[in-house]
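One structure, as structure tokens, below. Some questions next.
Since every read-out is calculated from the coordinates, none of them should be taken as a lab result. What you are looking at is a predicted structure, and each value in this text was computed from that prediction instead of being measured. FYI the Cβ positions are ideal-geometry reconstructions off the backbone, even for glycines, and counts take in every protein chain you see.
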Amino acid sequence: MSIFISLIVSRAVAAGRALPLLLALFAVFLGGASAQTEPCKPETAQAALPGGSVHYLKTGDGPSVVLLHGLFAQKEQWVPFMCLVAANGYSVTAPDLPGFGQSVGFSIQDYRLENQVELLHALLASLGIKEFHLAGSSMGGAIAGLYQHSYAQEVRTLAFIGAPLGVVDWSPRLGAALAKGINPFIPVTPEQFDLELQLLFYQPPAVPAEVVASLVNGYKVNHDFYVAVFNVVAGYPRVLVDAGAGSVRALALWGDEDGIFDVSGLEKLATLYRGMDARRVERTGHLPMVERPQDTAKTYIEFLR
């Protein structure tokens with residue numbers, strides 16, 4: 001765990017306007033998961049795209065799987081999950097989406113979800129990934145759904161690992177905080193950071209005080225930029241509903257304790273994909289691949305097979 005915590009502390013300021021800060025709480029889960037899953041060591045690489053450079057993790061051999069993270073998150077959130085999937089015969093790629101994590105140099109317009117789709121398409125083409133299983137978390141789920149609508153011939157299966165953006169409104173608790181001028185996605189006090197953890201996880205991790213202080217400071221230093229990015233992404237509250245039904249074999253894993261999007265949205269999501277395997281996951285929050293990587297990977301692997 002100390003390696004990951006050191007990584008986030010060193011990046012929080014050095015990464016400038018990159019958006020890596022949720023990695024700290026992933027570090028706690030990754031550290032705890034290491035002993036249980038013995039995660040592999042994915043290769044880190046990068047690719048140049050118009051406007052910037054995208055960094056990504058890759059591991060395994062076999063049919064391709066592509067994993068997309070959520071808002072203000074990073075590719076590293078997938079490490080235990082992607083290692084388990086790779087161990088079952090798949091080649092797994094997890095990018096830092098343009099403008100997030102280490103993928104820097106992109107403009108504010110590149111955070112628009114339709115632009116994320118096109119940049120992802122350019123990245124996968126550059127990597128020679130022409131047909132693949134696509135999965136996303138939260139904002140990444142919305143991007144995955146839009147990608148499947150635009151490039152259906154490339155996507156073998158579609159999975160929402162945790163509730164996607166674009167189906168239902170914010171949960172009542174999150175909506176109430178936003179109405180009071182508190183944005184848990186951009187916590188500027190330790191108390192707001194604690195609220196973020198409570199919304200994200202059924203059992204929030206214990207993040208060391210010094211890491212919390214570093215994260216909160218990072219949000220303060222780059223506050224205006226975070227707000228600008230949030231405002232772009234939050235402008236897509238019904239993007240999957242508006243896109244209409246998709247024709248693809250699909251899976252949804254929605255935590256019943258999700259504090260970002262209430263689990264009641266699972267039924268609406270299932271209406272968008274005929275025959276979807278829609279599962280309500282007990283005792284799980286917004287990020288099942290982080291909170292319960294073994295169980296989540298097992299379910300996903302069974303779906304792929």
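If you restrict to DSSP beta bridges whose two residues both lie in the chain, what percentage is antiparallel, to the nearest 5?
Antiparallel bridges make up about 30 percent of those DSSP assigns within the chain.
Radius of gyration and Dmax for the chain's Cα atoms, expressed in Å?
17.4, 49
How high is the FRET efficiency between residue 173 and residue 107 when r is their beta carbon distance and R₀ equals 35 Å, given to the nearest 0.05?
According to the calculation, E is roughly 0.60.
Would you be so kind as to identify which of 185, 211, 153 lies farthest towards the positive end of the dipole of the stretch 136-215, taking Lys and Arg as +1 and Asp and Glu as -1 on Cβ and the Cα centre as origin?
153
Now for a separate question. Can you tell me what the convex hull of the Cα atoms of the stretch 110-153 projects to on average, as an area in nm²?
2.9 nm²
Sum -39500 (n - 2.57) across every DSSP H segment of at least 4 residues in the chain, then divide by the residue count to get the 222 nm mean residue ellipticity, nearest 500.
-13000 deg cm²/dmol
Okay, next question. In percent, what relative contact order does the chain have, based on Cα pairs under 8 Å that are 6 or more apart in sequence?
19 percent
I need the calculated FRET efficiency for the pair residue 256 and residue 188, taking r as the beta carbon distance and R₀ as 35 Å, to the nearest 0.05.
0.75
Additional query: With r defined as the distance between the Cβ atoms of residue 264 and residue 131 and R0 fixed at 45 Å, what FRET efficiency is calculated, to the nearest 0.05?
Once the sixth-power term is evaluated, E becomes 0.85.
Among all lysine pairs in the stretch 2-304 that are eight or more places apart or on different chains, how many have alpha carbons less than 20 angstrom apart?
Here the count comes out as 8.
Describe numerically, in nm with one decimal, the distance between label points set 7 Å from Cα along Cα→Cβ at residue 46 and at residue 88.
Label-label distance for residue 46 and residue 88, simple model: 3.3 nm.
Hey, another quick one. Label 7 Å along Cα→Cβ of residue 280; the stretch 250-268 residues with amide nitrogen under 13 Å?
254-258, 262-268
Around residue 201, which amide H atoms from residues at least 5 apart in sequence, or from another chain, sit under 5 Å from its own amide H, with H modelled in the peptide plane?
286
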